[in-house]
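Trainee: A single structure is presented below for examination.
Laboratory data are not the source of any read-out in this text; all were calculated from the coordinates shown. Quick caveat: nothing in here was measured; it's all calculated off a predicted structure. With ideal geometry, Cβ positions are generated from the backbone for all residues, glycine too; neighbour counts draw on all protein chains shown.
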Amino acid sequence: MKILPEISRTLSEYLLIPGLTTEDCTPDTVDLGTALVRHRIGEESGVRIATPLVSAIMQAVSSPELAVALAQVGGLAFIHQNQPVEEQAADVRAVKRHKAGFRTIEVTVGPDTPLGEVARQLSATEQGVAVVTRSGDTEGAFLGIISLDDFHLERHGAHESAGSRMRGRAGLVTAPVTASLSEANELIWEHHLDVLPVLDGDRVASLVLKRDYQAHKTYHRASVDGEKRLRVGAGINSRDFKDRVPALVEAGADVLCLDSSDGYSVYQAKTLEFVRETYGDAVSVGAGNVVDGRAFRYLADAGAAFVKVGIGGGAICTTRAQKGIGRGQASALLDVVEARDAYARETGVHVPLCCDGGLLNDSHMAMALAMGADFIMLGRYFARLDESPSPKVQIDGQWYKEYWGEGSQRAQNAARYGQGGRMVFEEGVDGFVPYAGSLYDNVERTRAKLTSTMISCGSTNLRDFHRDAVLVPVSAESFKQTGAEVQLRRPTADH
Ligand code: MZP
């Protein structure tokens, strides 16, 4: 028996000290892009994401619908593995059918098409913006970009305005009907419009809202391996991997992740070995979860593409109470970051870390990233949103979404928690989380907060943030003082 000298600490036990904010540190210059899979230092990771958020490998969280939305804002979802192989592969295929890009539709207008028809199509598909092309024109002729808000203005104008002007929320530009796509792009930049086309050669491949452009530039660059399809990950387990992995690879999963509450096991190493022997470096598999440097090293040596950190911290998790296993997320992360950095110095290879579970608010995400996490896995956060697959229910006038753990009676994820292949006792609960609206709005707000934190710390990218962040542990007394004297007029909207 050995007792570690330091106390097990959570993420809320730290604060960040601001660093010097310079003029080149602005919301437009902060890049939240991150490596998802291992790579040689100095080289680019084979899979990068523009927003450092991934969804938990859970029934209540990672459906194809959520995966599409999350990929569109630059993150990545892991389709859960607590279902038959064919069903999981079908979920992956459903995501891969979507082309990369922001919520957009292409509308073709003829000489007599009323603008109202374009508006109707936009509303029917709940899209915010449309690229308008004209029927009969040569392929790629670009007439304009219409945002739903503009229809109130356009309605009163002549119909041909759709063909002779480009309108964005911030202004009106007159352009020749035959403007090439790149000319159109330049005009939109020049006139500070709110919507931007992402070009694929001479054609508009997708549209992004300007505020998301930075993310999408990174995402778009990262997402081209030739097909420009949305990215999606998928969970696997160390039991049926010989069937599951080939089916998921065939379905087009971009990255796989071993789904286990305790990843420090020979079974994970054997799974990684199988994938390496079968596919070489062509298939990336993350592993975990771990809470110390020894376990990280074991999985890194076994070839893990990334390693997930966190045991017992999940919002629905009862592992610590049931088995006495776990570690405060901050202590776990700091220990593993040290091992990750030592591994990089020794081998020249960076193995990204994913901080998984128990992040109760956006500041916890900022803290995890500051401590060295490359990206964050979230369950409760995504379960609360429109796009998650769980039922929305009303209780005492308030809306909630159902959220249950993979170790709960309801999920019965025996591959993750199986005690001898079946669930003898539960390690998770089944409950409700307050409904919080659309993923697009929530991720946008979270991105804004992370960006703002990084600006305060004087960092424009996550690598610098890891290097330059200065953290301080806080005393129990200082917690008590935060906002304790103010009676809230209304509950805050933030999670
Ligand atoms: P959270 O974001 O909801 O706090 O935590 C999500 C994480 O909790 C998942 O990614 C997974 O690692 C873990 N999890 C999932 N089910 C259980 C359980 O039933 C669990 N105990 O701990």
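Trainee: Using a Förster distance of 30 Å, how high is the FRET efficiency between Arg445 and Asp225, based on the Cβ-Cβ distance and rounded to 0.05?
Mentor: Details: r = 30 Å, r/R0 = 1.01.
After rounding to 0.05, the efficiency reads 0.50.
Trainee: Going through the cross-link list Lys96/Lys270; Lys242/Lys392; Lys242/Lys308; Lys2/Lys308; Lys270/Lys308, which pairs have a Cα-Cα distance over 26 Å in this structure? The partial results should precede the final answer.
Mentor: Values: Lys96/Lys270 28 Å; Lys242/Lys392 36 Å; Lys242/Lys308 22 Å; Lys2/Lys308 24 Å; Lys270/Lys308 17 Å.
Exceeds cut-off: Lys96/Lys270; Lys242/Lys392.
Trainee: For Arg327, which sequence-distant residues (separation of 5 or more, or a different chain) have an amide H within less than 5 Å of its own amide H, given hydrogens modelled in the peptide plane?
Mentor: For Arg327, whose amide H was placed from the backbone, the distant partners under 5 Å are Ile311.
Trainee: Would you mind ranking Trp399, Trp404 so that the residue whose beta carbon has the fewest other beta carbons within 10 Å leads the list?
Mentor: Details: Trp399 14, Trp404 22.
By the 10 Å Cβ count, ascending, the order reads Trp399, Trp404.
Trainee: Per 0.36 nm of contour for each residue apart, how much would the distance between Val474 and Asp430 grow if the chain were fully extended, relative to their Cα-Cα spacing?
Mentor: On the way: separation 44, 0.36 × 44 = 15.84 nm, distance 3.24 nm.
12.6 nm is the gain from fully extending Val474 to Asp430.
Trainee: At a 10 Å Cβ-Cβ cut-off, how would you order Val255, Val349, Val429, fewest neighbours first?
Mentor: Details: Val255 23, Val349 13, Val429 17.
Placing the least packed residue first, the sequence is Val349, Val429, Val255.
Trainee: Sticking with this structure for a sec: Going by C-beta contacts inside 10 Å, put His98, His39, His350 in order with the fewest on the left.
Mentor: Values: His98 15, His39 19, His350 22.
Result, fewest neighbours first: His98, His39, His350.
Trainee: Based on the mean of other Cβ atoms within 10 Å per residue, sort peptides 78-84, 263-269 so the most packed one is first. Provide the component values of the computation, followed by the final result.
Mentor: Numbers: 78-84: 22.0, 263-269: 18.6.
Highest to lowest by the protection proxy: 78-84, 263-269.
Trainee: On to the next question. How large is ³J(HN,Hα) for each residue in segment 401-411, as worked out from phi by the Karplus curve 6.51 cos²θ - 1.76 cosθ + 1.60 (θ = phi - 60°), to whole Hz, x for Gly and Pro?
Mentor: Going residue by residue, I get 10, 6, 9, 9, x, 5, x, 7, 4, 5, 7 Hz, with x marking Gly and Pro.
Trainee: HN-Hα J couplings of segment 47-56 from phi, Karplus 6.51/-1.76/1.60, θ = phi - 60°, integer Hz, Gly and Pro as x?
Mentor: 10, 10, 10, 7, 10, x, 10, 10, 8, 5
Trainee: Pulled fully out, how much extra length does the chain show between Glu250 and Glu346, if you take 0.36 nm times their separation in residues and subtract their Cα-Cα distance? Could you put the intermediate results ahead of the total?
Mentor: Details: separation 96, 0.36 × 96 = 34.56 nm, distance 3.49 nm.
Between Glu250 and Glu346, full extension yields an extra 31.1 nm.
Trainee: Could you calculate the FRET efficiency of Tyr279 with Asp24 from 1/(1 + (r/R0)^6), where r is the beta carbon distance between them and R0 is 45 Å, rounded to 0.05?
Mentor: Values: r = 42 Å, r/R0 = 0.93.
About 0.60, to the nearest 0.05.
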